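The values are calculated or read from the model by the stated rules, or taken from the named source; none is laboratory data. If you're wondering where the values come from, they're calculated on a predicted model, not measured in any experiment. Here the Cβ positions follow ideal geometry from the backbone for every residue, glycine too, while neighbour counts run over all protein chains shown.
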Amino acid sequence: MYSTTEVAKLLGLSPAQVRGYVRSGFLQTIPADKKRLIFSFQDLVLLRTAKGLMDAQIASRRVRTVLKKLKDQLPTGRPLTGVAISAEGNRVVVRDGQTRWNPENGQGLFDFDVSALARKVAPILAKSARQARLQKEERSAEEWYQLGCDLEVAQPTDARDAYRRSIELNPSHADAHVNLGRLLHEHGELDAAEAHYRVALTARADDSTAAFNLGVVLEDAGKIDEAIASYESCLRIDARSADAHFNVARLYERSGRTMLALRHLKEYRELTT
């Protein structure tokens, strides 16, 4: 548990801002006594989100209002930490799986910019994928990898096939393993994604992206100790990975290792302020 002062210091907020969020009613604070409040780690996660929105030039008062509305919009028992909250320009957007909406008016949103581009390029990319499969002269592993990168925006299935072909030609192509692992991860194939991230790290031991992604997929699979080890490995490669510090801090907190959680939160705070 954390005091108001500790929360403010860790996240770069003022105590007055923290108390303002408490008054908004979306935090699960606990009264330590008549004068003091204590905060959970989940409160820290929410306040980190709030600060990120303010850093994106969303006014503090508006952030508090948005989070309060969002709490009322979610099903009973569904925490705010269970959805992704971000700023797109001057608009706050919530993502829950494939669903996106504006919590200020409750309206559903569609990725118009990305989807419009995807619709335009999809026929071209589909043709490229067909030509690549029918081409008599074999492409190199790198060419298949580059084709996979191009296909991801509109043809993820073809992109996976391209990455697999790249790996067939060069089993040590770390980038192809990382990208294929990410697509499989997004598709819910956690075991397959984990395998590709591990191969990428075997081929390129200093790949911080592979180490971080491996930590995420292990966490999603409930393998907490292994996820911690992978995040720590990522940080040995890149000590300035703020997201790795935050994720491993969260897992240390969940497993009762408070001092380690605080150490990584401190590192996260120094990197993001």
Subset of region 1-16 that is in contact (Cβ under 8 Å) with a residue 12 or more places away in the chain and touching a helix residue (DSSP H, G or I) at 6+ places or on another chain (Cβ under 8 Å) - its residue that is nearest to Gly256 (Cα to Cα): Tyr2
Some residue of region 198-219 being modelled with pLDDT of 90 or more, part of a loop (DSSP other than H, G, I, E, B) and farther than 28 Å from Arg139 by Cβ: no
Close pairs from region 42-67: first among the acidic types (Asp, Glu), partner assigned to a loop (DSSP other than H, G, I, E, B), Cβ under 9 Å, at least 6 apart: Asp43/Leu27; Asp43/Gln28; Asp43/Thr29
Going through region 240-273 one residue at a time, which ones are under 18 Å from the mean Cα position of the chain (by Cα) and of a type in the set (A, V, I, L, M)? Ala242, Ala244, Val248, Ala249, Leu251, Leu265, Leu271
Considering region 221-253, residues that are modelled with pLDDT of 90 or more and among the acidic types (Asp, Glu), and then whichever is farthest from Asp191 (Cα to Cα), we arrive at Asp238
Would you point out which residue out of Gly215, Gly256 is closer than 23 Å to His185 by Cβ and outside the structural domain of Ser14 (by TED's automatic domain parsing)? Gly215
Among the residues of region 198-209, are any within 17 Å of the chain's Cα centre (by Cα) and within 26 Å of Asp243 (Cα to Cα)? yes
